[in-house]
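Visitor: Just passing along the structure, written as structure tokens.
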């Protein structure tokens, strides 16, 4: 039984994953999430009541640790055991992130390439009939990004969890129908991730679950999580229910089977927080120790994937009335570009008896998640609502990009240029395009005109870095404000590529 047998071994070899430490300024600005327990509780209990949820756990991970966790309701309607941070929930399709990272680990070890044909590792696929004569062979990457040409298979795929490996082999040998040629568009297919589980098993010559449990879960200290749910003590498990005919009915517990790579993992909140601490520790790129089940650069590649982006409306309450973003599928994660949060990695999990959602904010060093024990009750709305609440309350604070010495030096020069009304301070420090784009005489003219519009300005504000070689600044002025930009050139020595002072008058 993995639940008990691996406990001592895991404790012996698992080491804390080094996480990026926030700057003192950012850390000081953050507020304790427990201060808003009442508001968080209200969001959770309202959503649970509206959606007939027996039990639920919510967690916030910040800087590598479970900073806040809250259980609501019961994990077992018969025994009335309350949900705790140690209650085990199946996370359904959030398992796909573990499968994708396992594929990337095998890629790092030189045991496969993402653009290899999948049938190189799954021979049963070699006799398949593709939809057109010019269809490309399905690659490992196609399976990862749901672009293999398979039809969306919820809810069929969910019920294949118990399929035996022998039956899965027969299914693959018989071939599967396509809904379109591979690589034409993204269409979510559990079958593709089940095949990735077979890829992992065939390469490692061991069951898929063995690789994930030994190479990912155990190094992270996820000692109670795993795929063999029937081996986990029943009194620690959230029993899955569906809401039907105005009553709860227990779903059958599905044993570990051939489709486990798409949705079979069971975790506790305490364990899952270790996974999210590891994921968020990959940002930002930096020097120093690179410990963990996979390299930081490898983890960051989960944002890469298909280019089939769509307009995204937030999962939050009234999300369709908030600023739209873009969404595409990465490697086991949905990758969202949000107007406030920046990059967001998210995924839901829907399963007979369970619903879950995770939201990772790399630029904040944080992640939020919720797990429930009701069929397909994905708690995306409360997770995103709580994220908005905690952002507004100063709990979630975006990490400041460090200002490089070069950027700081050129910002000082920009302040001097403004004060002097000439670009004399930039002598010998500009790129070749700079004097061609605006002469020194015209710079003096533009500076004089802009200063006349703005009046006196307080230029003491710091520059906000957008990277090591670009940044923005904002100065409060007598008649409005100056919005400025500093952009350095890719030259050695580093030079100034462009400089901007845009005036915005008072409303």
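The values are calculated or read from the model by the stated rules, or taken from the named source; none is laboratory data. Every value quoted in this text rests on a predicted model; they were computed, and no experiment measured them. Positions of Cβ are backbone-derived with ideal geometry, glycine not excepted, and every protein chain shown enters the neighbour counts.
Visitor: Go through segment 295-319 and give me each residue that's surrounded by fewer than 18 Cβ atoms within 10 Å (Cβ to Cβ) and part of a loop (DSSP other than H, G, I, E, B).
Guide: Those that are surrounded by fewer than 18 Cβ atoms within 10 Å (Cβ to Cβ) and part of a loop (DSSP other than H, G, I, E, B): 295, 304, 307, 308, 309, 313, 317, 318.
Visitor: Mind checking which strands (runs of 3 or more DSSP E) fall wholly inside segment 220-282 and carry at least 2 residues that are assigned by TED's automatic domain parsing to the domain that holds residue 303 and free of Cβ contacts under 8 Å to residues at least 40 places away in the same chain?
Guide: Details: elements: 241-244, 247-250, 266-268.
The qualifying strands (runs of 3 or more DSSP E) are 247-250.
Visitor: Which ones in segment 165-183 are buried (at least 17 other Cβ atoms within 10 Å of the Cβ) and part of a loop (DSSP other than H, G, I, E, B)?
Guide: Within segment 165-183, 176, 178, 182, 183 meet the criteria.
Visitor: Is one or more of the residues making up segment 466-481 in a strand (DSSP E or B), surrounded by fewer than 14 Cβ atoms within 10 Å (Cβ to Cβ) and touching a residue at least 24 places away in the same chain (Cβ under 8 Å)?
Guide: yes
Visitor: Identify, from the list 328, 346, the residue that is in a strand (DSSP E or B), out of contact with any helix residue (DSSP H, G or I) (no Cβ under 9 Å at 6 or more places or on another chain) and at pLDDT 95 or above. Give the derivation first.
Guide: Details: 346 fails: out of contact with any helix residue (DSSP H, G or I) (no Cβ under 9 Å at 6 or more places or on another chain).
So the residue among 328, 346 that is in a strand (DSSP E or B), out of contact with any helix residue (DSSP H, G or I) (no Cβ under 9 Å at 6 or more places or on another chain) and at pLDDT 95 or above is 328.
Visitor: Would a scan of segment 405-414 turn up a residue that is assigned to a strand (DSSP E or B), out of contact with any helix residue (DSSP H, G or I) (no Cβ under 7 Å at 6 or more places or on another chain) and under 27 Å from residue 285 (Cα atoms)?
Guide: no
Visitor: Of the numbered conditions (1) in contact with a strand residue (DSSP E or B) (Cβ under 6 Å, 6 or more places away or on another chain); (2) not in a helix (DSSP H, G or I), residue 387 satisfies every one except a single condition; which is it?
Guide: Going through (1) in contact with a strand residue (DSSP E or B) (Cβ under 6 Å, 6 or more places away or on another chain); (2) not in a helix (DSSP H, G or I) one by one, residue 387 breaks only (2).
Visitor: Further, regarding this structure: Mind counting the residues in segment 460-502 that are over 31 Å from the mean Cα position of the chain (by Cα) and either within 28 Å of residue 432 (Cβ to Cβ) or modelled with pLDDT under 95 (or both)?
Guide: 16
Visitor: Still on this structure: Within segment 291-319, count every residue that is at pLDDT below 95 and out of contact with any strand residue (DSSP E or B) (no Cβ under 9 Å at 6 or more places or on another chain).
Guide: Within segment 291-319, residues that are at pLDDT below 95 and out of contact with any strand residue (DSSP E or B) (no Cβ under 9 Å at 6 or more places or on another chain) number 2.
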